[in-house]
Amino acid sequence: MAAIRNTLTYLVPDSFTVQPGQRVQVPLATRKATGIVLRAGSTLPPGIQARPILRVLDTEPVLSPELLELGLWISDYYVAPIGEVFRAMLPLRSATRRARSVRLSELGRRRLGIQSDAPPDVAPDVAPGFSPAHAALKGGATMPESAAVQDGVTALLAYLATRGSASLPLLRQRFSEAFTEALKEKWVAVDEVERDRTQRQIYAVRVAGPLPEKPRRLSPVAKRIMEALGAEGAAADHRELLQTARGDLSTLRKLSAAGLIELAPSTAGRGSALPGDSWAEADSSLVLTSAQNTVLQDLTKQLESGQFQTVLLHGITGSGKTEIYLRLIARCLEIGRTALLLVPEIALTPSVQAQFLARFGSKVALLHSALSENERHEEWWRVRRGEATVVLGTRSAIFAPLANLGAVIIDEEHDTSYKQEETPRYHGRDVAVVRARLAGALAVLGSATPSLESYWNAREGKYRLATLPERVEGRKLADVEIIDMRQEFRETHTSVPVSRRLHQEIETQIANRKQTMILLNRRGYSWFLLCRSCGQTQRCVNCSISLTYHRREHRLICHYCGYSTPVPPRCPNCDSEHLHYVGEGTEKVEKKFAELFPGARVARLDRDVARRQGQFQRVLDEFRRGKIDLLVGTQLIAKGHDFPGVTLVGVVSADIGLGLPDFRSAERTFQLLTQAAGRAGRGESPGRVLVQTFYPDHYAIRLAAEQDYEAFFQKEMRFRRMMHYPPVTALANVIAQGAKLEQAAQVAKHVGNFLIPLEQNTEGLKILGPTPAPLAKLEGRFRIQFLIKCASRARLSTILRRLADYTDQQGIPQRSLMIDMDPMNIM
Ligand code: ADP
Ligand code: ZN
Ligand code: ZN
């Protein structure tokens, strides 16, 4: 089913009222669908046949007018169906849930001997744990079976009489056979009801101080709860606790009233972190450097002005940007506004998380993809209800329902993970700026290696520029040394991935008990499997790309689509036995290092490790605590970490990227090397970086070694200007795709029919293509590419919208056409 590009009109039955931003269930062709109310009007536009809304799913709007507008902007600018945009903005289940509720029936009332005029719903509000029915139940335990059931039925009915109603699963669990009996005899009636899911409170439970000398007599449930809590006093999530102890909230309330436990409203999704504000707002004792002070004052002034403004914070690695974010947010809360900090990947920033929780306590909501659906739901509603006023999250957290937003901060703004690589293909950083504009907020983009786009915007005066040119505490930037691998090869004639120089340096590090990070660009064991007889490599069946050998699984795996196949014993092409593994991935280098440095503790960190539950955090933790000497990893380890113990960073093969047919490859390489170098020497001792490369003279490598961002920017801008690439021009990537090459070609023909005539009469428009995409086949689909350049972003976006309308009219299915505005990846 294709997503709907346009909006639809429905009738609102008299029994409902709807507001913009509310979710509703509507009929769509022969099925039901969820929709968002965009506008409510009083008259139906002429000529429109509208069907009525079926039900309203939210008691209050889930999207504020500001977020609705943001969604419309995204849909427009990125040419994405509005429904898919809203789906990306609301990672939510329905706010209400169908539940089955049980009440006394007429028959049941008679059996209990209650007058039928007693209204069932106005029963006194008695906590179930204290109800007389409960007492009756306890007595029943020793009775013979059938009598016990009968007594149970009486208890059940009495329970319902006092409570009015109760949920079916609860009654089934508590009254088991008696409940079945009551249901069979129709003493109880079952209703389908809508439950509001948004108000469910989660509690953190802790043992309250030392237990009394003379233990009180506890019910079995209470005993189980106390046992499950243990003596350590760590806080537990009440839901988990009750599951283990098979109890319910009322018992917790009783224990709390008796002073045995502490029961406090909690915040979801932060593991064993303590709830509450007792430890919050611990002010940082750091004395800001004068550069930090200047920047903070400037940002604070912008924030307090209440005007939209974007500031690019260019602060070198280790210059203390995080501290500025924290203080700016604190100020933002003081003036009664809310704040949002986006980071590329939450797993990479445990220290930022810890600092946030330490400073803002339960005011923080975490929104990222590692949360369970439930946790995300709870966190989202804490923000929506206004309980959480600071959000820390990844890309989609930009849609957090914060009211009165004062500051949006994008850390590592150059990071490509802010770009969503599926519909809607939005860039979190750019959306952040638009959101700030809609909210009248301050947007701060922080990086040691700003994207060319952002730095250009700062240069052009669109953004303000703030800089932190020095590391804190007068620490020096690491010294970077380039090792020419061409020469290394000429002299040694071996293809070991580690040069003699790097080898020797690592040995010294180990002897001195210092930590080292080794960065390379490819995960897996070998890059590919090559047949030395016929020269063929093993390729993915779905993608035009070589398969990577993974030793742990002993399989060849596609890094694009995940396809995997066993390693063939002989070449499938020519049957030769001479299959050869080419290139070193992280897995191989880890293994090799363990052999080369037998005394050292070697570990690895890449996406394969990250996929294994808990492993990622464990390795990061052990490295931080100095339990690992040598950490081998992909660019994941170069991102933003603060490991004070690292004094040597070795870059084994960071220049592979330079060979890619992507105009951003120099920028990526520069960023990666600068960031990697930024990991060294963050503690007391200075750091060193060794960069092995086959392109020692390439400006991206040379200027990264000099850590000269400004010079790199100038040089790279010359190239972008000459070649007409962003940021001097707007760019879009349009790919026609199909399971068969002819299908892709057919779609490409339509695209060409629309675009090519436009080129003649639109100033500043340039169409490159159609050509096979660099990845000519991906996930089983052939791909034909058009790169579209245009002097104006707004004009380009309009052209893409018209292209989408045109192809829709031609009956081209949406999945046959990928439209990517401001692409980060043009492969
Ligand atoms: P960046 O994000 O700019 O690379 P961080 O924010 O990670 O840098 O800061 C690097 C380290 O410096 C952190 O350990 C931080 O606690 C510390 N730091 C920040 N500001 C100061 C300061 N004014 N004085 C001393 N240490 C500081
Ligand atoms: Zn072969
Ligand atoms: Zn593949």
Counted residues, the range 560-607 - those being within 16 Å of ligand 3 (Cβ to nearest atom) and within 30 Å of residue 346 (Cα to Cα): 6
Any hit, the range 176-186, residues being farther than 30 Å from residue 380 by Cβ, open to solvent by 30 Å² or more (accessible area, probe 1.4 Å), modelled with pLDDT of 85 or more and among the aromatic types (Phe, Trp, Tyr): no
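In the range 548-556, is there at least one residue being closer than 24 Å to residue 773 by Cα, at pLDDT 85 or above, of a type in the set (Ser, Thr, Tyr) and crowded, with 20+ Cβ neighbours inside 10 Å?
Taking the range 548-556 and keeping what is closer than 24 Å to residue 773 by Cα, we get 548, 556.
Of the ones still in play, those that are also at pLDDT 85 or above are 548, 556.
From what is left, the residues that are of a type in the set (Ser, Thr, Tyr) are 548.
Filter once more, keeping what is crowded, with 20+ Cβ neighbours inside 10 Å: 548.
Yes.
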Matching residues, the range 9-37, being without any contact (Cβ under 8 Å) to a residue 40 or more places away in the chain and of a type in the set (A, V, I, L, M): 18, 24, 26, 28, 29, 33, 37
Residue in the range 768-827 that is surrounded by the fewest Cβ atoms within 10 Å (Cβ to Cβ), counting only those that are assigned to a strand (DSSP E or B) and under 27 Å from the mean Cα position of the chain (by Cα): 775
Condition broken by residue 730, with the remaining ones in (1) open to solvent by 50 Å² or more (accessible area, probe 1.4 Å); (2) closer than 21 Å to residue 426 by Cβ satisfied: (1)
Among the residues listed as 310, 317, 300, the single one being farther than 19 Å from residue 436 by Cα and either near ligand 1 (Cβ under 8 Å from one of its atoms) or not basic (Lys, Arg) (or both): 317
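Identify the residue in the range 723-767 that is among the β-branched types (Val, Ile, Thr) and more than 36 Å from the chain's Cα centre (by Cα) and, among all such residues, is modelled with the lowest pLDDT. Write out each step before concluding.
Taking the range 723-767 and keeping what is among the β-branched types (Val, Ile, Thr), we get 728-729, 734-735, 747, 751, 756, 762, 767.
Narrowing the set further to residues that are more than 36 Å from the chain's Cα centre (by Cα) leaves 756, 762.
Working: 756: 92, 762: 86.
Step by step, filter the range 723-767, then rank; the result is 762.
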Filtered residue count, the range 708-727, keeping only those that are open to solvent by less than 40 Å² (accessible area, probe 1.4 Å) and in contact (Cβ under 8 Å) with a residue 24 or more places away in the chain: 9
Some residue of the range 344-362 being out of contact with any Gly (no Cβ under 9 Å at 6 or more places or on another chain), aromatic (Phe, Trp, Tyr), assigned to a helix (DSSP H, G or I) and touching a residue at least 40 places away in the same chain (Cβ under 8 Å): yes
Within the range 441-554, strands (runs of 3 or more DSSP E) holding 3 or more residues that are hydrophobic (A, V, I, L, M, F, W, C) and either more than 16 Å from ligand 1 (Cβ to nearest atom) or closer than 30 Å to residue 776 by Cα (or both): 479-484, 515-520, 528-531
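Please state which one of 513, 490, 500, 522 is open to solvent by 50 Å² or more (accessible area, probe 1.4 Å) and under 30 Å from residue 774 (Cα atoms). Give the derivation first.
Working: 513 fails: under 30 Å from residue 774 (Cα atoms); 490 fails: under 30 Å from residue 774 (Cα atoms); 500 fails: under 30 Å from residue 774 (Cα atoms).
It is 522.
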Any pair with Cβ under 6 angstrom, 6 or more apart, that starts in the range 226-250 at a residue that is closer than 23 Å to residue 171 by Cα and ends at one that is modelled with pLDDT of 75 or more and of a type in the set (Lys, Arg): 245/224
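Look at the range 655-707 and say how many of its residues are β-branched (Val, Ile, Thr) and in a helix (DSSP H, G or I). Talk me through it step by step, then tell me what you get.
Taking the range 655-707 and keeping what is β-branched (Val, Ile, Thr), we get 656, 669, 674, 689, 691, 693, 701.
Narrowing further to those that are in a helix (DSSP H, G or I): 656, 669, 674, 701.
Adding up the residues that qualify gives 4.
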Test: residue 578 is more than 16 Å from ligand 1 (Cβ to nearest atom), surrounded by fewer than 13 Cβ atoms within 10 Å (Cβ to Cβ) and in contact (Cβ under 8 Å) with a residue 12 or more places away in the chain: yes
Where a residue in the range 612-639 is surrounded by fewer than 18 Cβ atoms within 10 Å (Cβ to Cβ) and its partner, wherever it lies, is among the aliphatic types (A, V, I, L, M) and in a loop (DSSP other than H, G, I, E, B), with Cβ under 8 Å and at least six apart: 622/628
Hey, residue 31 among the charged types (D, E, K, R) and modelled with pLDDT of 80 or more or not: yes
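A quick yes/no check of all residues on (1) open to solvent by less than 20 Å² (accessible area, probe 1.4 Å); (2) out of contact with any helix residue (DSSP H, G or I) (no Cβ under 6 Å at 6 or more places or on another chain); (3) not in a helix (DSSP H, G or I):
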{"residue": "312", "(1), (2), (3)": "yes, no, yes"}
{"residue": "330", "(1), (2), (3)": "no, yes, no"}
{"residue": "375", "(1), (2), (3)": "no, yes, no"}
{"residue": "378", "(1), (2), (3)": "yes, yes, no"}
{"residue": "386", "(1), (2), (3)": "no, yes, yes"}
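Looking only at the range 11-58, how many residues end up being open to solvent by less than 70 Å² (accessible area, probe 1.4 Å) and under 34 Å from the mean Cα position of the chain (by Cα)?
We begin by selecting, within the range 11-58, every residue open to solvent by less than 70 Å² (accessible area, probe 1.4 Å); these are 12-13, 16, 18, 20-28, 33, 35-38, 40, 45, 48, 50, 52-53, 55-58.
Next, from what is left, pick out any that are under 34 Å from the mean Cα position of the chain (by Cα): 18, 20-28, 33, 35-38, 40, 53, 55-58.
The number of residues fulfilling the criteria is 21.
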Pairs, first over 11 Å from residue 529 (Cα atoms) in the range 562-575, second open to solvent by less than 50 Å² (accessible area, probe 1.4 Å) and more than 10 Å from ligand 2 (Cβ to nearest atom), C-beta under 6 Å, six or more apart: 563/540; 563/542; 564/557; 565/556
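From the residues in the range 223-247 that are open to solvent by less than 40 Å² (accessible area, probe 1.4 Å) and in a loop (DSSP other than H, G, I, E, B), which one is modelled with the lowest pLDDT?
Restricting attention to the range 223-247, the residues satisfying the condition of being open to solvent by less than 40 Å² (accessible area, probe 1.4 Å) are 225-226, 229-230, 233, 235-238, 241-242, 245, 247.
Filter once more, so that each one left must be in a loop (DSSP other than H, G, I, E, B): 230, 233, 235, 247.
Details: 230: 71, 233: 59, 235: 73, 247: 74.
Here the residue is 233.
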Where residue 757 falls short, out of the listed (1) in a helix (DSSP H, G or I); (2) open to solvent by 40 Å² or more (accessible area, probe 1.4 Å); (3) under 27 Å from residue 563 (Cα atoms); (4) not small (Gly, Ala, Ser): (3)
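Please specify each residue of the range 210-219 satisfying the condition of being open to solvent by less than 90 Å² (accessible area, probe 1.4 Å) and either within 20 Å of residue 242 (Cα to Cα) or at pLDDT 80 or above (or both).
To start, the set of residues in the range 210-219 that are open to solvent by less than 90 Å² (accessible area, probe 1.4 Å) comprises 212, 218-219.
The answer is 218, 219.
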Selection from the range 332-343 of residues that are part of a helix (DSSP H, G or I) and surrounded by 20 or more Cβ atoms within 10 Å (Cβ to Cβ): 332
Selection status of residue 300, β-branched (Val, Ile, Thr) and over 24 Å from the mean Cα position of the chain (by Cα): yes
Residue selected from the range 648-660 under the condition surrounded by fewer than 22 Cβ atoms within 10 Å (Cβ to Cβ) and out of contact with any Leu (no Cβ under 6 Å at 6 or more places or on another chain), by the criterion modelled with the highest pLDDT: 658
Count - residues of the range 527-549 that are within 14 Å of ligand 3 (Cβ to nearest atom) and either small (Gly, Ala, Ser) or under 23 Å from residue 653 (Cα atoms) (or both): 9
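The values are calculated or read from the model by the stated rules, or taken from the named source; none is laboratory data. Note that the structure is a prediction, hence the values are computed from the model and not measured. Please note: Cβ atoms are built from the backbone with ideal geometry, for glycine as well, and neighbour counts cover all protein chains shown. Please note that ligands, DNA and RNA were not included when accessible areas were found on the heavy atoms of the full protein model with its side chains. Shrake-Rupley method; radii C 1.70, N 1.55, O 1.52, S 1.80 Å.
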